[in-house]
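K.L.:
This is the structure I want to talk about, given as structure tokens.
The values are calculated or read from the model by the stated rules, or taken from the named source; none is laboratory data. From a predicted model like this one, the values you see are computed outputs, not experimental measurements. Cβ placement follows ideal geometry from the backbone for every residue including glycine, while neighbour counts extend to all protein chains displayed. Heavy atoms of the whole protein, side chains included, go into the accessibility calculation; ligands, DNA and RNA do not. Shrake-Rupley method; radii C 1.70, N 1.55, O 1.52, S 1.80 Å.
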Amino acid sequence: MKKIFYGRQYIDESDCEAVREVLLSDYLTCGPKIAELEQRLCDLTGTKYAVAIANGTAALHAVCFAMGIGDGDEVITTPITFAASANCVLYCGGKPVFADIEQDTYNISPESVEKLITPRTKAVIAVDFTGQACKYDELFDICKQYNLILIDDAAHSIGTKYNGKSIGNIADMTTFSFHPVKTVTGGEGGAILTNNKEYYNKMMLFRTHGITRNQTLMEYPSDDFWYYEQIELGYNYRLTDIQAALILSQLNKLEMFTTRRREIVDRYNKAFSDIPEIILQKEILQSDTVRHLYIIQLNYELLKCTRREFYDKLAEKGIMCNVHYIPVYYHPYYQQLGYKKGLCPVAEQVFEGFLSIPLYYSLTDEDVNRVISEIKNAVRRMV
Ligand SMILES: *Cc1c(COP(=O)(O)O)cnc(C)c1O
């Protein structure tokens with residue numbers, strides 16, 4: 001029996017050829033593919049500046065550096081995300097503050113954000129969970145009113161549009177991840193998009209140790225060809241040209257990926273819409289979503305089983321689901337920092353029913369039918 005996992009990359013011959021070309025070229029890293037990728041991401045999103053970086057986590061770290069997050073600064077984010085969305089604040093000595101999510105969209109609740117603002121609040125990191133855009137009109141209003149920076153962790157939402165505008169060109173800074181489960185992959189990889197030149201310059205320094213060869217930035221300007229200065233404390237967060245070439249080649253397929261993901265989402269929506277035991281994620285009109293994850297929520301008022309029992313029934317049939325995400329502050333590291341369960345009651349309640357079912361480009365119609373009929377079978381056995 002063929003196992004179907006919740007996500008999987010799709011690599012074709014053109015991807016292999018793109019990587020091969022770089023391998024045989026002069027530059028494996030710091031070469032021409034980096035600027036080419038940055039330009040492509042600007043073109044794709046209509047944004048002025050892009051910084052290619054080692055991964056999505058490094059992208060978030062760079063964003064927190066660019067914002068100048070430091071000791072005691074508070075940054076509001078969602079608990080229903082990968083830990084990196086909050087860890088980046090800790091890296092810089094700041095304090096992640098968790099806002100609750102909306103019951104129906106699962107994205108950060110603007111109302112909850114507003115209630116948590118204090119004089120120490122510097123920024124909001126919104127996450128386009130599963131690929132659906134957050135309520136940016138509301139979030140922007142709040143950020144303007146309280147003078148906060150709005151960040152979009154768009155690890156799930158490359159290709160998505162909000163009110164017709166591309167993700168990447170909405171928030172003050174937007175981060176992408178190119179991990180293999182994401183819609184577009186480089187094996188590893190990340191990027192930040194911004195229209196703000198100051199942030200852009202800071203992040204370019206941060207990516208390479210804080211080192212510059214730009215004389216206008218130097219303390220002791222010199223045109224000696226070997227001379228450079230370290231003017232900030234940065235990291236080695238460079239992306240390789242090998243990865244950049246793979247990401248560029250994958251971006252050529254973004255349309256194709258989008259079309260197929262939408263077909264699968266439509267079929268799931270139709271199949272599950274009249275099954276009250278399964279609650280579906282609500283889609284807001286403003287979001288033209290390229291879905292990264294498809295999440296069903298088990299309705300425990302009607303199902304007489306635990307999530308584990310439901311998961312096991314599907315796993316027996318080769319349908320390998322997953323759970324995204326355990327609320328960040330449930331993790332022992334956060335518990336030990338003093339975060340207590342009960343912080344975000346809506347997130348905690350809906351998370352209990354979450355199950356991510358298979359969604360990726362190369363799922364065949366047959367696979368999709370199998371997933372649908374096994375989920376229907378599991379529901380029938382559990383009522
Ligand atoms: C994947 C992911 C990240 C981290 O990206 P990496 O490239 O794996 O470092 C951050 N935030 C969210 C929401 C993610 O899904």
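K.L.:
Checking Thr29 against (1) β-branched (Val, Ile, Thr); (2) away from the ligand (no atom under 16 Å from the Cβ); (3) open to solvent by less than 20 Å² (accessible area, probe 1.4 Å), only one condition comes out false. Which one?
P.N.:
Only one criterion in (1) β-branched (Val, Ile, Thr); (2) away from the ligand (no atom under 16 Å from the Cβ); (3) open to solvent by less than 20 Å² (accessible area, probe 1.4 Å) is unmet by Thr29, namely (3).
K.L.:
Can Val290 be described as in contact with a helix residue (DSSP H, G or I) (Cβ under 6 Å, 6 or more places away or on another chain) and either open to solvent by 20 Å² or more (accessible area, probe 1.4 Å) or assigned to a loop (DSSP other than H, G, I, E, B) (or both)?
P.N.:
yes
K.L.:
Determine which member of the set Thr240, Thr258 is under 28 Å from Val63 (Cα atoms), touching a residue at least 60 places away in the same chain (Cβ under 8 Å) and within 16 Å of the ligand (Cβ to nearest atom).
P.N.:
Going through Thr240, Thr258 in turn, just one is under 28 Å from Val63 (Cα atoms), touching a residue at least 60 places away in the same chain (Cβ under 8 Å) and within 16 Å of the ligand (Cβ to nearest atom): Thr240.
K.L.:
Residues being within 11 Å of Thr175 (Cβ to Cβ) and either out of contact with any strand residue (DSSP E or B) (no Cβ under 7 Å at 6 or more places or on another chain) or outside the structural domain of Leu233 (by TED's automatic domain parsing) (or both): count how many of those fall in segment 67-91.
P.N.:
2
One line per residue, one yes/no per condition, for (1) in the same structural domain as Ile372 (by TED's automatic domain parsing); (2) open to solvent by 50 Å² or more (accessible area, probe 1.4 Å):
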{"position": "Ala171", "(1), (2)": "no, no"}
{"position": "Ile192", "(1), (2)": "no, no"}
{"position": "Lys202", "(1), (2)": "no, yes"}
{"position": "Trp226", "(1), (2)": "no, yes"}
{"position": "Glu229", "(1), (2)": "no, no"}
{"position": "Ala245", "(1), (2)": "no, no"}
{"position": "Ile264", "(1), (2)": "yes, no"}
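K.L.:
Inspect segment 95-103 for any residue being open to solvent by 20 Å² or more (accessible area, probe 1.4 Å), free of Cβ contacts under 8 Å to residues at least 12 places away in the same chain and touching a strand residue (DSSP E or B) at 6+ places or on another chain (Cβ under 7 Å) and give the result as yes or no.
P.N.:
No, there is no match, as no residue in segment 95-103 is open to solvent by 20 Å² or more (accessible area, probe 1.4 Å), free of Cβ contacts under 8 Å to residues at least 12 places away in the same chain and touching a strand residue (DSSP E or B) at 6+ places or on another chain (Cβ under 7 Å).
K.L.:
Could you pull out the residue among Ile242, Ile295, Ile326 that is under 22 Å from Val368 (Cα atoms) and under 24 Å from the mean Cα position of the chain (by Cα)?
P.N.:
None of the others qualify; the one that does is Ile295.
K.L.:
Quick one: in segment 315-345, which of the residues that are closer than 13 Å to Tyr6 by Cα and of a type in the set (A, V, I, L, M) is surrounded by the most Cβ atoms within 10 Å (Cβ to Cβ)?
P.N.:
Ile319
K.L.:
I would also like to ask the following. So for segment 296-307 (the condition being closer than 23 Å to Gln9 by Cβ and in a loop (DSSP other than H, G, I, E, B)), does at least one residue qualify?
P.N.:
Taking every residue of segment 296-307 in turn, none turns out to be closer than 23 Å to Gln9 by Cβ and in a loop (DSSP other than H, G, I, E, B).
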